[in-house]
1. Can you give the accessible area per residue of the chain, in Å², using a 1.4 Å probe?
2. Tell me which GluC sites (Glu not before Pro) from segment 111-159 have a DSSP coil assignment and no more than 13 other beta carbons within 10 Å of their own.
3. Normalised by the number of residues in segment 54-150, what is the relative contact order in percent for Cα pairs under 8 Å and 6+ residues apart?
4. Per-residue HN-Hα couplings for segment 358-371, Karplus 6.51 cos²θ - 1.76 cosθ + 1.60 at θ = phi - 60°, whole Hz, x for Gly and Pro?
5. Nearest 500 deg cm²/dmol is fine: what mean residue ellipticity at 222 nm does the chain get from its DSSP H runs of n ≥ 4 alone, each adding -39,500 (n - 2.57), divided by its residue count?
6. Provide the descending list of Cα extents for segment 92-160 along its principal axes, expressed in whole angstroms.
7. What does segment 218-322 give for Rg and for Dmax, in Å, if only its C-alpha atoms count?
8. To one decimal place, what Kirkwood hydrodynamic radius in Å is obtained for segment 306-410 from all pairs of distinct Cα atoms?
Amino acid sequence: MSEIRFKKGWYYYMDYKFSDKVSDLKASAIREILKFTSEPGVISFAAGNPAPEAFPSEKIAEISNDLLRSDPILALQYSITEGYTPLRDFLKEWMKSRGCFNPDFDDLIVTSGAQQANELSCKVLLNEGDTLICESPCFIGSLNAFKSYNVNLVGVEMEEDGINLEKLEDALKTEKNVKLLYLIPNFQNPTGRTTSLAKRKAVYELACKYDFIILEDNPYGDLRISGENIPSIKSLDTEGRVIYTGTFSKILSPGFRTGYVSAPAEIIQKIIVCKQVSDVHSNIWAQVVCHRFMTSVNLDEHFAGLRKIYREKCELMCSYIDNGFSRRITYTKPEGGLFIWCTLPDDCDMPAFCTKAVRDYKIAVVPGNAFSIRETDKTSSIRLNFSTPTNQQISDGMEILAAMTREMLD
């Protein structure tokens, strides 16, 4: 028992002993930074939410009203763990048309967002101490999910066209029990980089050579705003060694918490059992709405509308970097997604830069070390989000941030 002294005596409370799986987990640095955004006048480039104007709220309301009037029990009753059957059937055909579902050996399950899909994939395949390799830097949500299983998490640095293949193979040769490689090939979070087709093929060849499974996370693939579509790694899979995860969060609504996994049937069966333990099934109302939306609207028009919104926002933000930022800052211009990765010069204290931006200039950005595999990893980069702020906020905030970079770095 521990104790605290109060004016009227002592207060005793439990000294809690947390499990090894969670004792070292920390709150997301991004979530901590977002606390500043509630202060008056702060413009946030630190979030990762879809643009509010991208939500098809009227169509969702129409579908929901019809569902709750015509078949309310379907939306309100328990459902099956695998997911709403019409949605699963739609997704199988949709994924098949994209080369991401092989009916000869794949199956598909609906999950509570891609986050759960990634977490359950790790849970069913890795024991404590097994090695999971990922890009460095990497999406913090997946990192925390992986860390919760006490795996040996190994980061391999990225190049502009994806993971460094030479260093990846070095890790495959030296690390023990490599079971899984986690990648976000399209407009990676946080860097915005896209893995080239040549590297996707090479990664798959390494998976066959060294006998591991690839976890391909594709939350942003439908948000391409420039360049040509690149085949998924899953579409190259002939041996059943690629798990593909997707989500409706960026194309419809993150609040639905509806994602999916396309993977070999044996893996899906284990994920089903683990999901039954976790949450029984994903939100059935949201699944039905997703299905009815995807099968009743012109998807080409819908995706074109989303891309138009994000193309305008991205180009607006990049124009300030190109024309106003200190020339000592470099950045990756993304071909899609939601983020821009800016790199400060080595002699600039990046954490201090981020603190000064939000404290003195009311501009919130995310420090790059929030996406580091290990706390000792060093980075001089920051992540900017262009999807959440309005165009006016982008203009106002980037003008201020540009002036700050010139003042500090030139």
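1. Details: 18900 Å² over 410 residues.
In whole numbers, the chain has 46 Å² accessible per residue.
2. On the way: sites: Glu119, Glu128, Glu135, Glu157, Glu159; in loops: Glu128.
Taking segment 111-159 and a limit of 13 other Cβ atoms within 10 Å, the loop GluC sites (Glu not before Pro) found are Glu128.
3. Contact order relative to length: 21 percent.
4. 7, 6, 9, 10, 6, 10, 9, 10, 9, x, x, 6, 5, 10
5. Numbers: 13 runs with 164 residues, N = 410.
Only helices count here, giving -12500 deg cm²/dmol.
6. Answer, in whole Å and largest first: 35, 31, 22 Å.
7. 16.9, 50
8. On the way: mean 1/r = 0.0714 Å⁻¹.
That comes to 14.0 Å for segment 306-410.
The values are calculated or read from the model by the stated rules, or taken from the named source; none is laboratory data. Quick caveat, the model's predicted, so the values are computed rather than measured. As a convention, Cβ positions derive from the backbone with ideal geometry for all residues, glycine included, and neighbour counts pool all protein chains shown. Protein only, heavy atoms only, side chains kept; ligands, DNA and RNA dropped before computing areas. Shrake-Rupley method; radii C 1.70, N 1.55, O 1.52, S 1.80 Å.
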